[in-house]
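Quick note: the coordinates plus some simple rules give every number you see, no bench work behind them. Just so you know, these numbers come straight off a predicted model, no measurement behind them. Methodologically, a virtual Cβ is constructed for each residue, glycine included, from the backbone with ideal geometry; neighbour enumeration extends over all protein chains shown.
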């Protein structure tokens, strides 16, 4: 019944949107093809149909192995590797955006079909593999009663957690399995409405600043411009004082941040706007330039004006710069991590990107972890699949990748918020 | 040929039918005015109002359509004007439905098509209400 009604809805959608299969334009790299914006009367939607992994596993390249190191979590999003090899997992679901239009009620119901029904954990879970055999025998709650924790960073012996409404700090001693007390608030973060609630976090190389990714409060200003104060930007927060300033703006939803160690440069993956077609607008990976404006909401990929934003702001559009590297439209990049040479020859220089997967596209994309190769500290080629099989050829979706973290011992940690699992991909032998 | 009229009064549409039919006018008219206000101020709340007023108009108009279909199927109620009334109300409902989809677009994406469709829907709803109430129905015509 559910399935047939979904098919009926999809059929109606494809009729009303007045478009069949389009060839997917080449959308990787610094200069993606951008078709004209278009939208039928109904948006194209293909919602993940969740299924259990059972004895199946995600697919990894030859020379690599994957195992589930933690299961039955409560919506794992981002992970943090601690100096002793322990892994912290931020678990939770946030957002309190009210449904404003009839469409919001329908869309929120449909989208919920493709996510985990598990209750928000609002906690940090610690995973430990004491004997180094790849089995994380300890799975314990490090801290709870948090508010939709997402971004994590370790700076000078303190663990910083970006809740959906504030950055908080835990003092941390090596080997600790439980926080020694309630966290101390560093600074409040913009949290009214919280349409895009995730607060990504990274620390500068010198440990002086935190960078916080704050998503927009709407797809494309449909909650009004007053809701967008302090949104769609990256903040720079002083670790000592909590004082903040906007570091870069016009980044619609910067869902993960990472520092490139060779240059100390901040990088981000950003989710771009919806509802102007299956191939607009590409989500992207970019170095984040201080004081730069990346377009949202007035324009996309540089200075392509979005007519849905009124009144327009031609001066802002003229100041908008294009990001570095397109990951493809609607892939929903939610994780980014720089690799190390220990990840093997083919995957040693570049970034891993966790792609949660599309919902507003007839032909689903994402649902995998890709590797963007770098050379001379810049992206140097098309993305390569690293972990796939989250969405099977049977159309069923068993997992959705979020945060990715590189373990310099030669492993990639992948949080999966659909099956509530943390995966660990390890190098088996030197990949060639 | 003799015609016997059992009642001196013409029968208008059922009172509930009347309320629902007349109710479509302020709904669809309100949506058109809200859209006009959004178009002139860019204040997004007007667009939200319009979206809900259109849905309200569709609910009222949808039930009124059911009444109209029932009236059409009953010979004592069926008059030439009833078919015209039904057709105009159906047209208002269909345009209103597509207008609701148009209003599901984010921000200015619903414009200017949404305003045009809202005006058309409002005019059709007014016409349908006119025809619905103006149609003579003689009770007990044998």
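Brief remarks on what is shown
- Inter-label distance, nm, simple model (7 Å from Cα along the C-beta direction), residue A:208/residue A:313: 2.9
- Radius of gyration (Cα atoms) of the range A:194-280, expressed as a multiple of 2.2 N^0.38 Å: 1.15.
- Among A:27-36, A:160-169, sorting by the average number of other beta carbon atoms lying within 10 angstrom of each residue, highest first, gives A:160-169, A:27-36.
- Shape call, the range A:29-72: gyration tensor on alpha carbons, a/c limit 1.5: oblate
- The Cα atoms of chain A give a gyration tensor whose axes a ≥ b ≥ c have a/c under 1.5, which makes the shape rounded.
- Listed from fewest to most Cβ neighbours within 10 Å, the set A:47, A:75, A:321, B:69 follows the order B:69, A:321, A:47, A:75.
- Placing a label point 7 Å from the Cα of residue A:262 along the Cα-to-Cβ direction, the residues of the range A:373-391 whose backbone N falls under 11 Å of that point are A:374-380.
- Burial order of peptide ranges A:325-331, A:140-146 (average beta-carbon count within 10 Å, highest first): A:325-331, A:140-146
- When the helices of chain A are scored as -39500 (n - 2.57) per DSSP H run of n ≥ 4 and the total is divided over every residue, the value at 222 nm lands at -2500 deg cm²/dmol.
- Shielding value for A:219-231 is 3, the average number of Cβ atoms from other chains within 10 Å of each residue's Cβ.
- Value of relative contact order over chain A, rounded to a whole percent, pairs C-alpha under 8 Å and six or more apart: 18
- The mean count of C-beta atoms from other chains within 10 Å of the C-beta of residues in B:98-106, rounded to a whole number, is 6.
- When chain A is treated as a GNM with alpha-carbon contacts under 10 Å, the residue of A:216, A:180, A:393 showing the greatest mean-square fluctuation is A:393.
- Cα gyration tensor, the range A:278-432 - rounded (a/c under 1.5), prolate or oblate: oblate
- As a rough guide to protection, the peptides B:121-131, A:346-356 ranked by mean Cβ packing within 10 Å, highest first, stand as A:346-356, B:121-131.
- Extended-chain gain in nm, criterion 0.36 nm per residue less alpha-carbon gap, residue A:38 and residue A:106: 22.3 nm
- Taking other C-beta atoms within 10 Å as the exposure proxy, A:287, B:47, A:67, A:108 rank A:108, A:67, A:287, B:47 from fewest upward.
- Residue mean of other protein chain beta carbons inside 10 Å, B:38-46: 3
- When A:345, A:275 are sorted by how many other C-beta atoms sit within 10 angstrom of their C-beta, beginning with the fewest, the order is A:345, A:275.
- Spacing of the two label points (7 Å from each Cα toward its C-beta) at residue B:40 and residue A:238, in nm: 4.9
- Highest-fluctuation residue, A:415, A:112, A:202 considered, GNM on chain A with Cα pairs under 10 Å: A:112
- Length gained on full extension, residue A:26 to residue A:409, computed as 0.36 nm times the residue gap minus the Cα-Cα distance: 134.4 nm.
- Taking label points 7 Å from Cα along the Cα-to-Cβ direction, residue A:65 and residue A:342 give a separation of 1.7 nm.
- GNM flexibility winner over chain A from A:204, A:299, A:380 (Cα, springs under 10 Å): A:380
- Förster radius 30 Å - calculated FRET efficiency between residue A:118 and residue A:229 (Cβ-Cβ, nearest 0.05): 0.35
- Once the Cβ-Cβ distance of residue A:174 and residue A:137 is raised to the sixth power relative to R0 = 25 Å, the FRET efficiency obtained is 0.85.
- Length gained on full extension, residue A:99 to residue A:57, computed as 0.36 nm times the residue gap minus the Cα-Cα distance: 11.4 nm.
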